[in-house]
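Enquirer: What follows is a structure written as structure tokens; I'll ask about it next.
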Amino acid sequence: HSSSPLDIVAYSDADWAGCPDTRRSTSGYCVYLGGALVSWSSKRQPTVSRSSAEAEYRAVANAVADCVWLRQLLDELGSPPSKATVVFCDNISAVYLSANPVHHRRTKHIEFDIHFVREKVALGELRVVHVPTTQQLGDIMTKGLPTASFQSFRSSLCVLPSAGGVLTDSLIIV
């Protein structure tokens, strides 16, 4: 809708050690601008994460990078976001890491991601907020879901089943 505010909201998720062969995690996120899906990603992380918090935090950092780029683009177009970007994550440890520097001594292996996200939080450009797993839209990017959850999340992404309404691998983006 043309009257929607240009707020940026992202959902970030990771499937910790989901690959049975390499035990690498899959990161996924989806970014909304004013309620419209504008960016999404799902890809295997380049390194093995030592904990679910680490895998989730790497996914948050990827989502934040995309949100920072989008904020800069909007600023260059003369429509800077009026509010901080909100990044939803369903891992409480990853949420705490975004605001609490005390954990740094135990997380040196993800230090760059921590500093990158914390800087954006400290500048007030974004907030990392906990979201219950049942409302985590990023799940659709990282793992197989029960049919009801898949269909609910799919509709939130503005994706419809192919003609005839039968659930297939063929999806149409509207």
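The values are calculated or read from the model by the stated rules, or taken from the named source; none is laboratory data. Please read these numbers as outputs of a predicted model, since none were measured by experiment. Every residue, glycine among them, receives a Cβ derived from its backbone with ideal geometry; neighbour counts consider all protein chains shown. These accessible areas exclude ligands, DNA and RNA; they are computed on the full protein's heavy atoms, side chains included. Shrake-Rupley method; radii C 1.70, N 1.55, O 1.52, S 1.80 Å.
Enquirer: Can you tell me which condition residue 36 does not meet? The list is (1) surrounded by 13 or more Cβ atoms within 10 Å (Cβ to Cβ); (2) closer than 20 Å to residue 137 by Cα; (3) over 12 Å from the mean Cα position of the chain (by Cα); (4) hydrophobic (A, V, I, L, M, F, W, C), and all the others hold.
Expert: Residue 36 satisfies all of (1) surrounded by 13 or more Cβ atoms within 10 Å (Cβ to Cβ); (2) closer than 20 Å to residue 137 by Cα; (3) over 12 Å from the mean Cα position of the chain (by Cα); (4) hydrophobic (A, V, I, L, M, F, W, C) except (1).
Enquirer: Do we find that residue 168 is in contact with a helix residue (DSSP H, G or I) (Cβ under 7 Å, 6 or more places away or on another chain) and either open to solvent by 20 Å² or more (accessible area, probe 1.4 Å) or at pLDDT 95 or above (or both) in this structure? Full working, then the answer.
Expert: Numbers: in contact with a helix residue (DSSP H, G or I) (Cβ under 7 Å, 6 or more places away or on another chain): no; either open to solvent by 20 Å² or more (accessible area, probe 1.4 Å) or at pLDDT 95 or above (or both): yes.
No.
Enquirer: Go through 86, 95 for me and flag whichever is surrounded by 17 or more Cβ atoms within 10 Å (Cβ to Cβ), modelled with pLDDT of 95 or more and either closer than 25 Å to residue 156 by Cα or of a type in the set (Gly, Ala, Ser) (or both). Walk me through it before giving the result.
Expert: Details: 95 fails: modelled with pLDDT of 95 or more.
From the options 86, 95, the qualifying one is 86.
Enquirer: Which residue pairs have Cβ atoms under 9 Å apart, sit 6 or more places apart or on different chains, and have a first residue in the stretch 125-143 that is under 14 Å from residue 14 (Cα atoms) and open to solvent by less than 40 Å² (accessible area, probe 1.4 Å) and a second that is charged (D, E, K, R) and at pLDDT below 90?
Expert: 140/154
Enquirer: Spot the failing condition for residue 25; the list is (1) closer than 20 Å to residue 128 by Cα; (2) of a type in the set (Ser, Thr, Tyr); (3) surrounded by 13 or more Cβ atoms within 10 Å (Cβ to Cβ), and only one is missed.
Expert: It is condition (1) that residue 25 fails.
Enquirer: Okay, next question. Picking from 44, 58, which residue would you name as being in contact with a Lys or Arg (Cβ under 7 Å, 6 or more places away or on another chain), open to solvent by 20 Å² or more (accessible area, probe 1.4 Å), touching a residue at least 24 places away in the same chain (Cβ under 8 Å) and charged (D, E, K, R)?
Expert: Details: 58 fails: in contact with a Lys or Arg (Cβ under 7 Å, 6 or more places away or on another chain).
Only one candidate passes the filter, namely 44.
Enquirer: Same structure, new question: Take the conditions hydroxyl-bearing (Ser, Thr, Tyr) and either at pLDDT 90 or above or touching a helix residue (DSSP H, G or I) at 6+ places or on another chain (Cβ under 8 Å) (or both) and apply them to residue 152. Does it pass?
Expert: On the way: hydroxyl-bearing (Ser, Thr, Tyr): yes; either at pLDDT 90 or above or touching a helix residue (DSSP H, G or I) at 6+ places or on another chain (Cβ under 8 Å) (or both): no.
Answer is no for this residue.
Enquirer: Something else about it: Name, by its number, the condition in (1) modelled with pLDDT of 90 or more; (2) open to solvent by 50 Å² or more (accessible area, probe 1.4 Å); (3) more than 30 Å from residue 20 (Cα to Cα); (4) part of a helix (DSSP H, G or I) that does not hold for residue 115.
Expert: Condition not satisfied by residue 115: (1).
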